[in-house]
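Below is one structure, written out as structure tokens; comments come after it.
The values are calculated or read from the model by the stated rules, or taken from the named source; none is laboratory data. For clarity, every value in this text was computed on a predicted model and none was experimentally measured. Note that each Cβ is placed from the backbone with ideal geometry, even for glycine, and that neighbours are counted across all protein chains shown. Calculation scope for accessible area: heavy atoms of the full protein, side chains included, ligands and nucleic acids excluded. Shrake-Rupley method; radii C 1.70, N 1.55, O 1.52, S 1.80 Å.
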Amino acid sequence: MSNQVKKVPTQHIVGFVLSLVLTALAVWTALGSDLSTAWIITIIMLLAVIQAGIQLVMFMHIVEPESQNGHVPWNMIFHGFVTAAIVVVGSLFVMVYGF
Amino acid sequence: MSLDEFFVTGEPLIYAGMVAIVLVTSAIIFLLTYFKKWGWLWREWLTTVDHKKIGIMYILSALAMLFRGGADALMMRVQLAFPDLNFLNTQHYNEIFTTHGTVMIIFMAMPFLIGLMNIVVPLQIGARDFAFPYVNALSFWSFFFGALLFNISFVIGGSPDAGWTSYTPLAGAAMSPGPGQNFYLLGLQLSGIGTLATGINLMVTILKMRAPGMKLFQMPIFTWSTLVTSFIIIFAFPILTVALALMTIDRIFGSQFFTLTGEGLPMMWANLFWMWGHPEVYIVILPAFGIFSEVIATFAKKQLFGYKAMVWSMILIAALSFLVWVHHFFTMGAGAFVNSVFSVSTMLIAVPTGVKIFNWLGTLYKSKIQFTTPMLWALAFIPSFVIGGVTGVMLGMAAADYQFHNSYFLVAHFHYVLIAGTVFACFAGLEYWYPKMFNHKLNEKFGKLSFWLFVIGFHVTFFPQYFLGLDGMPRRIFDIGPEWFTLNFISTIGAFGMGLGFAVFVFNIYYSYRTSQRETTGDSWDGRTLEWATPTPVPHYNFATQPTIRGLDAFVEMKKHNESTFDESKLEPIHMPNNTGQPFIMMALLFMSSFALVFEWMTLAILFLVGVIVMMVVRSFDEDEGHHVEVEEIKTTERQLRGL
Ligand code: HEM
Ligand SMILES: [Cu+2]
């Protein structure tokens, strides 16, 4: 039996706290701040990108050479982007066209 | 809130339901106590992480849901048998068609297939469990409690009544006040967690845990269909999650995403719903294709004809399934150009589907067919599904769909694909893999009887509905005009035939348990794939030694070379996960939190949610490393099972 050294999952805890903080920040920007709509949208978009980055690095092992064959899962990331594009562009196409 | 607002009152049928629930629950509690089985239930089932047991629990729950959805269906058919019948009133009818649709798709079809995947996929690829056994248990309990939440709505609080599609603005807070619609939203959300997690789990399992040597294009076709399905799940389910969350926020916290007021966009719900909904119908048909392919290859005693074409057509179907959603609301008014684009993409999907039909026919061609019950389901599937597919293409022509849309023609279409596809496949798969699960076959005589009752009943029920649709009968009406009487009456008779078929099927489970011969080898049907290389009952570690795979139909090769999955010279201790009660407790807490949210009891909901988070923390610092099955134990188990 491989007796691994028990270690606290530091990375996960940091990631978890960071994502909570970012979420709270986004909520405050949208509901609590007096910024103009354009700024609110810019800021929460920015926060979303940072949030996604944290998920990928802290939880999804995107840069972890020691994981098996150590490559970035571009394939899945690509499909994720394609799906997102279908949802956004597709909805615009269907809901806006002709109105 | 007074008690008569909490419980549904005033409906004799629902009172009967309550009595039945109380009786059955007391009977179960009594039996468990009387036979001192509580400990057994907890140790062997509620805390298990074994994919085979989890699969069995999925299938049992799905059968219960099939019964519930079937009872809904029979009530609807009774109401529609005669004009002006007052068996169900409008409100009750609305509730029943809503719960029927939701239960059948979300809580019957998907869990049934996921149950079969649970049992079969690790065995087919030579793995000892899922990649994440703990998550697998979590998924099951999330589905189970989601289904429970949705199902109690009919006695507590009142059922949702806006259709399984829950179109806004009807489903919004303004037009559907009260807890009913919340049950739909939170029940689906809760079970959706499990579906998504299972999708990821299956994908990782298939990609990472195959037996040494098994290349992707040497995987059994059911495993391939599972891989493609998990792909669709991973990309489609987040859309549903978001849509459900938005509507929940609308209803409970007063936002305006899908409302008529406050710049809401009710049509956006239909758009998002079908962006998930169309891929969803392929989530429940691709595994069915996989099951039929396995069954046909086994009982035609041939390698599957055009294996590669089969795989590529599934991949193509999966890709296209994300590009056709608008065909569900051609009449919404998006315009001719938009409709034309989606008309074309819809018809394109019929091409890879056609390829698969020809491959099955190619496998059957000039083969020596063995007419077992699973094979009969597969043979009945081919022509029935073609009818469903062809009428689907008719619906896909936008201009014609203005006539067909929301008529019984549509109802007939989707029942032809869903029943002849998915439900036949569930029966076929269960009968085919039954000896692997329970160590004996189902009785062939009763199996065939239930097959004929069900299949004939099915066609008698749904074939007339195409013509009812062409005669202008709309879907979701609770009262038929006299001009639609004859065909509706025939349809109701057929429905009872199907009910009888199901009853015989369930009886057969009991009958076979009492009388069927126990299996002596693990290879019940002279199988071709790896699941048949294990002894039955399958030891909890599945494979004493993993075989090395050299080609397609791995077990055929192994039999030729006289190899087995018990090579004494290669035995090593096997690392297995420990049982745990955490998934059950975590999901039970989430269930209670959701239940409180249904009634908008915020404090209580938050309280239980904190409990869930505590369970997550407990899990995060969990240092359970599992245990090892020692070589001696493997030796004794295998020798005994194999009669060596
Ligand atoms: C040849 C392939 C298929 C084509 C071209 C097709 C086409 C269509 C179209 C155009 C509609 C919308 C009709 C309307 O609302 O007026 C529809 C509805 C539907 N289809 Fe299919 N379909 C196909 C296969 C399937 C399969 C395989 C399934 C599921 C196993 C399925 C399940 C459904 C369901 C559930 C609905 C109705 C949903 C509702 O409105 O409640 N279809 N189909
Ligand atoms: Cu569709």
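Charge dipole of the stretch B:21-178 (Cα centre as origin; +1 on each Lys and Arg Cβ, -1 on each Asp and Glu Cβ, all else neutral): 580 debye, rounded to the nearest 20.
Would you mind telling me the share, in percent, of accessible area of the stretch A:1-60 contributed by carbon and sulfur at probe 1.4 angstrom?
Whole-percent figure for carbon plus sulfur exposure: 76.
Normalising by the residue count of chain B, find the relative contact order in percent from Cα pairs under 8 Å and 6+ residues apart.
Over chain B, the number comes to 17 percent.
Per residue, the accessible area of the protein assembly as shown comes to 44 Å² when a 1.4 Å probe rolls over the protein heavy atoms. For the stretch B:377-454, the carbon plus sulfur part of the accessible surface works out to 74%, probe radius 1.4 Å.
Chains A and B together bury roughly 2000 Å² of accessible surface, counting both sides and using a 1.4 Å probe on protein heavy atoms. Comparing Cα centroids, the stretch B:301-375 and the stretch B:1-74 end up 37 angstrom apart. Check the straight Cα-Cα distances from B:K308 and name the lysines below 25 Å, setting aside those fewer than 8 residues away within the same chain. Those lysines meeting the cut-off are B:K208, B:K215, B:K356, B:K366, B:K368, B:K559, B:K560.
A simple count of charges around B:N579, restricted to other residues whose Cβ falls under 11 Å of its Cβ and scoring Lys, Arg +1 and Asp, Glu -1, yields -1.
Taking the charge dipole of chain B about its Cα centre, with +1 at Lys and Arg Cβ atoms and -1 at Asp and Glu Cβ atoms, the residue from B:P352, B:G192, B:P547 reaching farthest to the positive side is B:P547. In this Cβ point-charge picture (+1 for Lys and Arg, -1 for Asp and Glu), chain B has a dipole of about 1780 debye about its Cα centre. As I understand it, the value is the acute angle between the Cα axis of helix B:602-620 and the longest principal axis of the Cα atoms of chain B; what does it come to in degrees, rounded to 10? In chain B, helix B:602-620 runs at an angle near 20 degrees to the longest axis. Mean per-residue shielding of peptide A:84-94 is 5, counting Cβ atoms of other chains within 10 Å of each Cβ.
The separation of the stretch B:553-592 from the stretch B:420-487, counted between C-alpha centres, amounts to 35 Å. Post the alpha-carbon centroid distance, the stretch B:203-282 to the stretch B:630-644, in whole angstrom. Computed from Cα coordinates, the inter-centre distance equals 43 Å. Between 0 and 90 degrees, the angle of helix B:90-102 with respect to the longest Cα principal axis of chain B falls at about 30 degrees.
When the helices in chain B are scored as -39500 (n - 2.57) per DSSP H run of 4 or longer and the sum is shared across all residues, what 222 nm value do you end up with, to the nearest 500 deg cm²/dmol? Provide the component values of the computation, followed by the final result.
On the way: 21 runs with 415 residues, N = 644.
Rounded to the nearest 500, the figure is -22000 deg cm²/dmol.
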